[in-house]
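Before any comments, here is the structure.
The values are calculated or read from the model by the stated rules, or taken from the named source; none is laboratory data. Just so it is clear, the structure is predicted and the values come from calculations on it, not from any experiment. Please note: Cβ atoms are built from the backbone with ideal geometry, for glycine as well, and neighbour counts cover all protein chains shown.
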Amino acid sequence: MPFTFTTTDLPGILVIEPKVNGDHRGFFMETYKQSDFAAAGLDVRFTQENHSRSARGILRGLHYQVAPHGQGKLVRVVVGEIFDVAVDVRDGSPTFGKWIGVTLSAANRRCLYIPPWYAHGFCVVSDEAEVIYKTTAEYAPHAERGVRWDDPALGIRWPLTEVTLSERDRRWPGLASVEPVLA
């Protein structure tokens, strides 16, 4: 199997490390293979792929979509480095409001799978970063919700204190006021 799947402290979130074959010409790796992912318990169907480019200090998030438009995400970085965060927003979950942060970079080639019941965001820690992520549902603006990135109730330890946000991301409510995802 060309992937190593590692579980995390939060249910459903997986760190995925592809096998990289390299020589004097460069490298080759598979970034997704449905049969291997299904064998690891990740039997999902991706319906959209997104690519973003951001400069150092850009923070995007924390975003999620409510049912029936919840998006699982398979995130990877092809240029630079990010600190990627997922927050459990399931109604009644024993880990509601808990978060996990993982460094994803072009150098470490890790991927992160985030199920649809998590809010997701990332902060660029390199000079620039390009992020590609597949989603299990298409973007549905009317179903989009968010959580304030710096809510003290979350206590996320972002690696940068000076960040740049979109106006939309500045306006998200704190965890106590979010519309939770039904578990």
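With the condition kept exactly as written, say whether any residue in segment 53-62 is farther than 20 Å from PRO159 by Cα and either in contact (Cβ under 8 Å) with a residue 40 or more places away in the chain or part of a helix (DSSP H, G or I) (or both).
no
Enumerate the pairs (first residue in segment 8-36 and free of Cβ contacts under 8 Å to residues at least 60 places away in the same chain; second residue anywhere and in a strand (DSSP E or B) and surrounded by 15 or more Cβ atoms within 10 Å (Cβ to Cβ)) with beta-carbon separation below 8 Å, excluding pairs fewer than 6 apart on the same chain, so at least 6 apart or on different chains.
Hits for this filter: LYS19/PHE3; GLU30/PHE3; GLU30/PRO18; LYS33/PHE3; ASP36/PHE3.
Pick from segment 126-180 the residues that are within 14 Å of LEU62 (Cα to Cα) and among the β-branched types (Val, Ile, Thr): which of them is modelled with the lowest pLDDT?
Once the filter is applied, the top-ranked residue is VAL178.
I want to confirm something. Restricting to segment 11-29 and keeping residues that are among the charged types (D, E, K, R) and closer than 22 Å to GLU81 by Cβ, which single residue is surrounded by the fewest Cβ atoms within 10 Å (Cβ to Cβ)?
Among those residues, the one meeting the criterion is LYS19.
Failed condition for ASN50, given (1) assigned to a loop (DSSP other than H, G, I, E, B); (2) under 19 Å from ALA140 (Cβ atoms), with all others met?
Every listed condition holds for ASN50 apart from (1).
When you go through (1) buried (at least 21 other Cβ atoms within 10 Å of the Cβ); (2) farther than 21 Å from LYS19 by Cα; (3) touching a Ser or Thr at 6+ places or on another chain (Cβ under 7 Å) one by one for VAL131, which number turns out not to apply?
(2)
Show me the strands (runs of 3 or more DSSP E) entirely contained within segment 113-183 in which 2 or more residues are of a type in the set (D, E, K, R).
128-135, 144-146
With respect to GLY92, is the statement that it is small (Gly, Ala, Ser) and surrounded by 21 or more Cβ atoms within 10 Å (Cβ to Cβ) true?
No; evaluated as a whole, the condition is false for this residue.
Got a number for residues in segment 86-107 being touching a residue at least 40 places away in the same chain (Cβ under 8 Å) and in a loop (DSSP other than H, G, I, E, B)?
Of the residues in that region, 7 qualify.
Which one of these is touching an Asp or Glu at 6+ places or on another chain (Cβ under 8 Å) and among the charged types (D, E, K, R): LYS73, LYS134?
LYS134
Picking from THR8, THR47, which residue would you name as being surrounded by 11 or more Cβ atoms within 10 Å (Cβ to Cβ), more than 26 Å from PRO173 (Cβ to Cβ) and among the polar types (S, T, N, Q)?
One residue alone meets the criteria, THR47.
Mind checking whether some residue in segment 102-125 is within 17 Å of the chain's Cα centre (by Cα), surrounded by 19 or more Cβ atoms within 10 Å (Cβ to Cβ), modelled with pLDDT of 95 or more and over 23 Å from THR6 (Cβ atoms)?
Checked segment 102-125: at least one residue is within 17 Å of the chain's Cα centre (by Cα), surrounded by 19 or more Cβ atoms within 10 Å (Cβ to Cβ), modelled with pLDDT of 95 or more and over 23 Å from THR6 (Cβ atoms).
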